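Each remark here refers to the structure printed beneath this line.
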Amino acid sequence: MAESEAAAALSQQALRPPARPYAGVLRFLRQQRLGTIGAVLIILMVIGAVAAPVLRTSDPEGFGVTPILESPSGSHFFGTNREGRDVWSRVLYGGRVSLKIGLATVIVAALGGTALALIAGYLGGVVDFAFGRVADVLIAFPSILFALTLHASLRDQLPNLGQVLAAEEFLLVVAICIVFTPVIFRIMRGNVLEQRAAIYVESARVIGASEMRIMWRHIFPNLVGLLLIVMSTTLPAAILTESALSFLGVGVEQGTPSWGADLSGSNRTYFVRAPWIAIFPGLALSVTVLAFNLFGDALRDTLDPRLRGQR
Amino acid sequence: MQAYIARRLIAVPFMLFGMSLLLFWLLFLRPGNAALTGFGLVSPDQNKQAIASLEEEFGLDRPFFVQYGDWAWNAIQGDFGISLKNRRPVTPEIRSRLPVTAELGLLTVLLTALIGIPVGIISAIRPGTFLDGFLRIVTISGISVPNFWVATLVITLPAIWWAWTPLWEYVRFEDDPLNNLKIIIWPAITLAIATAAYVARIVRSSMLETLYSDYVRTARAKGLRERAVVLRHVFRSSMIAVITVIGIQLGAVLGGSVIAEQIFGIPGLGLLVFESVVSIDYTVALAAIMVFAFMFTLVNLAVDVIYTFVDPRIRY
Amino acid sequence: MRESYWGRYWRRRRSRRSFLIGGAALAAGSAGLVAVGCGDDDDDDAPSEPQEPAAEEPEAAATEAPAATEAAAPADGPMPGGTFRQSKTQVDDGIDPGLKVINNNEILARIYNHTHLYKVSTNEFLFDAATAMEQPDNTTIVFPLRPGMTFHHDGSAVTAEDVSSTWSRFPALLADQGSQVNEANWGFMDTITAVDESTARVDLKAPAASAPVLMAATSYGIVSKALLDQQANGNVQELDAGAGPYVIEQRDSAGVALARYPDYYAHENPSTHFLEGAPYIDRHETRIIVDRAAVKAAFFAGDIDYIPAIADSIEFEEFTGDDRFVAKEVASTEARFLAYDNIKFVDKRARQAVSYAIDYDAMIATLYAGDGVYDGPVGQALPGFALDQETLQSYRVFDPQRARELWEASGIEVDHIRIESSIDPRGSTMAEFLARQMEENLGVTAEPLIHDVTTYVARAREPIKQWELFVVPYNASTTPEIYNMTMMNPDAFAGVSWSFGTDQPDASLVANAQKLIDLTAAQAQEVDPDLRLQKMEEMQLFALDELVPGINLPVPGHSWVVYNSRLGGFPEDDVLLGGLLNRTHDMYVKG
């Protein structure tokens, strides 16, 4: 028993946090300038989303609360739209939706994908094969098409979680998760198999650790770094998918500010006259995704030394 | 190798079966369908009759598995039935639209390769330089910009500034190749921005991985010019990554065609998929999506096969 | 035309209110309408796609005669040749005029002949395949046909047999093939007989005041009987079976191109819009552009000549003051209906509460940019029949306090109001607006439910509704029977979709439905113009008093017509309501 714990401690050696926890952060800031820019943009975006009620200049969902289709000015930074809503305020609130759905999706898909990968790796054989084929099927659909079909079919069959996640948002999360989970599953499964064959797992097995224990205490902790990298690259993709679905009219509830939805519907009628209603939501979306991508890149460089300097 | 390809080929029908079953079920879940949408103003009694007669005509009142079995049996024989919306046979419709989307897809992949690979190479051979940094920002921006936004701006802004739009009367490729390309090029560029940026990033990283490997050092040591080293040795070994990524990106392009065809008014399969899914025209939606999935599956298979030619080390 | 009650009817109506030039118009299908499952009939180019409801047709009201309309225009006058280019959002679903009338008007109107057509702005009948319309008595209409007409497919002559067989198909097409042509468009016809080679006679079931206008619809296009008989499925969905001025050159997923029919007969008695020879324009092209921003971009770039469905005065302003375009404000042709799920709102107080809870003026201010009017059961597009603003305003009062009192008093067990709309931009914004009003003024929770058109229709037709209120945007029609009142007809729409039929379990609801059926029938069969107006008013006031089966929401004060100034003779006063854009022969391309 003691021996097995010793083995566990040994295997976790690699994961032990560095002596000075801030050192890593400092190194990141020093070495990853683009990543730092990304991080700053992300922080700004999160502040914008969280403090939207304070930063907004008018009710983003009101009707006629501002003059209509006014060009950007001191009182309406991004101009106003046809419903008489301030585009700046809608962009702020749109960040909430993107962030909420992006995070929910990534967490569910990453945990789900990893759990399934561990199960597949643990049980192997038929289960592994079955999971693999289901993932093949799900991955073979162009993601937008799949989410489109799914959304249309399940729209009225899911619960409304009220303030936390409206029915439409819940559905978006489900639709996007089903697209991303198999991708994450595939990546993680490959690593689970790799880890299973690693020497430290062999040694744990030799000293009699159960398969279950090996999975959770030995292999899983070693996947955390990779998981973070996968999550950081999935998040911007999830945000893009959400906005594409909202753009296609199968996203958030009518009237809810969303970067994708604000580029579609009745707004399209006025793009020629009021280009700012087309430019700013798209810009906010692009910058956010860019920020996450920059940060994700830097994170990968930092967490995965093998790749350092390459991307 | 042959055994591997055979195994993959055998898996294809099973995957298609799985996909179609899933899709059928998803569409089956939805209330209403295209056949019931369009008919005229009727009394409550006539309404019931009309619904009953339409359901009977299309066999919509049968149990799920009977409907699916019937559909699948015909689909295997290449007959996707008739559209619920307009009763036109689906197969010819797909056949007329497939080349349009295929052209868009190929053109996009071509642009992706033509832009992505050189940009990746340039970044890789001058790592850490200003040019590399600049291209890195450009490519990471490229993968961050949503294609529907770019498409919207491409349509809108020139119309405001110069009263010009990339929309001409759509002409088929076989009628007027040049004008057809003039139209298709815009959605292709729109879609290629993200894919080219992605490919450039992959080319760069995989080339950097090999640039400092032993055999490259050997090549340099024996006096090969840098150009030859890069092109003959480094690039070739990076091709695997590039091919994989282009294969995967084709999936993104197929999905993107749903949006691009809508905005640019291209009468392809993507537009058909969107309209049929939205109007619940089961037969058309199923056929169109299955064609998409089939194309995607084949591309994946092709990618795996090409591996073996590019990299002789790989033996399945 | 022989002097008959119809002649008297229309003349009378005109003199009574000569300023009401428009009066009526062929239906314009709108997303909403189609959606709710009634196809519309009639000249409607309206896409059933969410992107934009009305495509082309409202009406034009008191405006000056179009400058260059007459054939004898000076200088930059009409000349033969040229191509007219427009766009639509969806591929048609077929081109049998008895079966499909949505999204294919530009084809039907040009490849088929019609006995006559109705010019809304001047209340004229223009004769095409028929040389006249005779009415020997109140239930008979006789059409003498023009000689020399030949079908495209084999050059055979058009005869009265073709007319009778084409028009006799309507009931069977609806029952067996789910036709989009509403019964309201043809239900008044009893039999259609070929008296001889060139005379067709229609016997009506009962006097029908609107019959001549209804028969001017595109769905009445004359199909070759010989070709029809050859078809196994009894329709000509994919065939050019007409004898009109154009033949189909291309028709596929990219669009439609029509070219001249070389053997088109000459009109020997030209009228407004019909020339003595063939139409001026050589080709008509319609391309599919789904995206609204793209449609506008194409119009601004001059790639298309006509932009349908101008959303509001704001969008209209983009085109004014630009000499590349002609931009014209015409009378409003739009209508908005807010239906109750009547079985949930059997208590009148609950219906009143909803009506009092809506701030109609705010709706006009925000949704219509201040340019809006109140509307009643018969829309503002039919000024001869519509109630005046004062009367309507007395029924559409915003009083939140009273709303809440009535809501409490009614004891209604609804605490969450779901407002259904399709994803067409105007409908969905309106649903969102109304949801807010309900939340603020009724003390309930409310949500807009936006669905694609198919789901939207399915949800309207479900026996048990999963919504409380339903938003239907639609376009006015040339007659009160189509669209305006059918929206409220318990025998049709209202019965199927708003739980407002005689098959409902609640006695008061059934009584109201029956009353509305009786009142509607009474006015339709009344051939005396003054009496008809009275009966129609009675019917409208009943609906307003009882708030059944829903609320007519305010509508925009105008509709807008915008086209490229290279077009001459554009039927701007009739384009939105009569489908005249597609049937006019005297439109031309300058230079």
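The values are calculated or read from the model by the stated rules, or taken from the named source; none is laboratory data. Because the structure is a prediction, the values reported are computed rather than measured. Reconstructed Cβ throughout: ideal geometry from the backbone, glycine too, with neighbour counts over all protein chains shown. When the accessible area is computed, the model is the full protein with side chains, heavy atoms only, and any ligands, DNA or RNA have been set aside. Shrake-Rupley method; radii C 1.70, N 1.55, O 1.52, S 1.80 Å.
Sorting C:176, C:252 by accessible area (1.4 Å probe), largest first, what list results?
On the way: C:176 100, C:252 45 Å².
In descending accessible area the options line up as C:176, C:252.
Once you order the gyration tensor axes a ≥ b ≥ c over the Cα atoms, which shape class does region C:302-425 get: rounded for a/c under 1.5, otherwise prolate or oblate by comparing a/b with b/c?
Verdict is prolate for region C:302-425.
Just the Kirkwood number for the protein assembly as shown, please: inverse of mean 1/r across all distinct Cα pairs, in Å, one decimal.
For the protein assembly as shown, inverting the mean 1/r across all distinct Cα pairs yields 32.3 Å.
Take chain B, mark every one of the trypsin sites (Lys or Arg not before Pro) that falls in a DSSP loop and has at most 11 other Cβ within 10 Å, then report the longest stretch left between them, sites excluded.
B:1-221
If I take every Cα pair under 8 Å that is 6 or more residues apart in chain C, average their sequence separation and divide by the length, what percent do I get for the relative contact order?
25
Quick one: angle between helix B:130-142 and the longest Cα principal axis of chain B, in degrees between 0 and 90, rounded to 10, please.
Between the helix axis and the principal axis of chain B, the angle is about 10 degrees.
Using the Kirkwood radius over C-alpha pairs as Rh, can you work out the diffusion coefficient of region C:421-520 via Stokes-Einstein at 20 °C, viscosity 1.002 mPa s, in µm² per second?
Translational D for this selection: 145 µm²/s.
Show me the helices of chain C, taken as full DSSP H stretches, that run 24 Å or more along their long axis by Cα and average -0.5 or above in Kyte-Doolittle hydropathy.
Long hydrophobic helices here: C:507-524.
Can you put A:219, C:464, C:343 in order of accessible area, largest first, using a 1.4 Å probe?
C:464, C:343, A:219
Relative contact order for region A:219-311: what is it in percent, counting Cα pairs under 8 Å that are at least 6 residues apart?
Averaging sequence separation for qualifying contacts and normalising by length gives 30 percent for region A:219-311.
So for region C:199-341, averaging the separation of alpha carbon pairs under 8 Å that are six or more residues apart and normalising by length, what relative contact order in percent results?
Reported as a whole number, the value is 11 percent.
Would you pull out the residues with amide H under 5 Å of residue C:560's amide H, same chain only if 5 or more places away, H placed 1.01 Å from N?
Correct list: C:310, C:330.
Restricting to DSSP H runs of at least four residues, report the calculated mean residue ellipticity at 222 nm for chain B, -39500 (n - 2.57) per run over all residues, nearest 500 deg cm²/dmol. It would help to have the intermediate numbers written out before the result.
Working: 12 runs with 237 residues, N = 316.
So the calculated ellipticity at 222 nm is -26000 deg cm²/dmol.
If you wrap a convex hull around the Cα atoms of region B:214-261, how much volume per residue is inside, in Å³?
73
Starting from one equal scatterer on each C-alpha and no solvent at all, send me the Debye-based log10 I(q)/I(0) for region C:100-185 at q = 0.20 Å⁻¹, two decimals.
After summing over all Cα pairs, the log10 values are -1.28.
Give me, ordered by chain and number, the residues 5 or more places off residue B:266 or on other chains with an amide H under 5 Å from its own placed amide H.
none
Mind pulling up the Rg/Rh value for chain C? Radius of gyration and Kirkwood radius, both on Cα.
Numbers: Rg = 23.1 Å, Rh = 24.0 Å.
On the Cα set of chain C, Rg over Rh gives 0.96.
Would you tally the net charge around residue A:135, using a Cβ to Cβ cut-off of less than 9 Å, leaving residue A:135 out, and scoring K and R as +1, D and E as -1? Each step should come with its number before you reach the end.
On the way: positive: A:133, A:186, A:189; negative: A:136.
Once all neighbours under 9 Å are counted, the net charge is +2.
Percent of alpha carbon pairs in region A:211-307 separated by more than 15 Å?
69
Whole-Hz Karplus ³J(HN,Hα) for region A:184-201, in order, using 6.51 cos²θ - 1.76 cosθ + 1.60 and θ = phi - 60°, x for Gly and Pro?
Along region A:184-201, the couplings run 5, 3, 4, 4, 5, 4, x, 6, 4, 4, 4, 5, 4, 7, 5, 5, 5, 6 Hz.
With all protein chains present, calculate the accessible area of residue A:206 using a 1.4 Å probe and round the result to the nearest 10 Å².
It works out to around 120 Å².
Per the Debye formula with a single identical scatterer at each Cα and no solvent contribution, what log10 I(q)/I(0) holds for chain B at q = 0.10 Å⁻¹?
So the normalised log intensities are -0.73.
Looking only at Cα atoms, what is the convex hull volume of region B:207-316 per residue, in Å³? Working shown, then result.
Working: hull volume 14.1 nm³, N = 110.
In region B:207-316, the Cα convex hull volume per residue is 128 Å³.
Give the long-range amide H neighbours of residue C:568: residues separated by 5 or more places, or on another chain, with amide H under 5 Å away, using H modelled in the peptide plane at 1.01 Å from N.
Placed amide hydrogens put C:588, C:589, C:590 under 5 Å from residue C:568.
What percent of all Cα-Cα pairs in region C:127-232 falls in each 10 Å bin, counting up from 0?
14, 48, 32, 5
Just to compare against my own numbers: the Cα pair-distance distribution for chain A, 10 Å bins, whole % per bin, please.
Spelled out per bin, shortest first, that is 6, 23, 27, 23, 14, 6, 2, 0.
May I ask for the angle, rounded to the nearest 10°, between helix B:147-162 and the longest principal axis of chain B, with both axes built from Cα atoms and the value confined to 0 to 90°?
With rounding to tens, the tilt is 90 degrees.
Starting from the Cα gyration tensor of region C:200-266, take the square roots of the eigenvalues, sort them a ≥ b ≥ c, and report rounded, prolate or oblate (rounded when a/c is under 1.5, otherwise prolate if a/b is larger than b/c, else oblate).
prolate
In region B:1-79, what percent of the accessible surface is made up of carbon and sulfur (1.4 Å probe, ligands and nucleic acids excluded)?
That fraction is 66 percent.
Through the Karplus equation 6.51 cos²θ - 1.76 cosθ + 1.60, θ set to phi - 60°, convert the phi angles of region C:225-234 into ³J(HN,Hα) values in whole Hz; use x for Gly and Pro.
These are the phi-based 3J(HN,Hα) values: 5, 4, 5, 4, 5, 6, 7, 5, 8, x Hz.
Taking square-rooted eigenvalues a ≥ b ≥ c of the alpha carbon gyration tensor, is region C:249-335 rounded, prolate or oblate, where a/c under 1.5 means rounded and, failing that, a/b exceeding b/c means prolate?
oblate
Among the lysines, which have Cα under 18 Å from the Cα of residue B:48 when same-chain residues fewer than 8 positions away are ignored?
C:465
Which net charge results for the neighbourhood of residue C:302, defined as the other residues with beta-carbon distances under 11 angstrom from its beta-carbon, given Lys and Arg at +1 and Asp and Glu at -1?
Numbers: positive: C:85, C:324, C:566; negative: C:303, C:305.
That sum, taken over residues with Cβ under 11 Å, equals +1.
Anything over 22 Å Cα to Cα? Flag those among C:344/C:515; B:85/C:296; C:296/C:328, in the order listed. Let's see the in-between values first.
Details: C:344/C:515 20 Å; B:85/C:296 28 Å; C:296/C:328 17 Å.
Going by Cα-Cα distance, B:85/C:296 fall outside the 22 Å limit.
Can you send over the solvent-accessible area of residue A:216, 1.4 Å probe, protein chains only, in Å² to the nearest 10?
Rounded to the nearest 10, the figure is 130 Å².
At 20 °C and a viscosity of 1.002 mPa s, what translational diffusion coefficient does Stokes-Einstein give for region C:242-389, taking Rh as the Kirkwood radius over Cα pairs? Give it in µm²/s as a whole number.
106
Residue by residue through region C:579-589, which ³J(HN,Hα) values in whole Hz follow from phi under the Karplus form 6.51 cos²θ - 1.76 cosθ + 1.60 (θ = phi - 60°), with glycine and proline marked x?
Once rounded to whole Hz, the list reads x, 5, 3, 8, 10, 5, 9, 9, 7, 9, 9.
In whole Å, largest first, what are the principal axis extents of the Cα atoms in region B:53-92?
26, 22, 9 Å, listed from the longest principal axis down.
What would the Debye equation give as log₁₀ I(q)/I(0) for region C:243-282 at q = 0.25, 0.28 Å⁻¹, counting only Cα atoms as equal point scatterers?
Calculated log10 I(q)/I(0) at the listed q: -0.83, -0.94.
Counting only protein heavy atoms, probe 1.4 Å: which residues of region C:446-460 lose 40 Å² or more of accessible surface in the full assembly compared with their chain by itself?
SASA drop of 40 Å² or more in region C:446-460: C:448, C:452, C:454, C:455.
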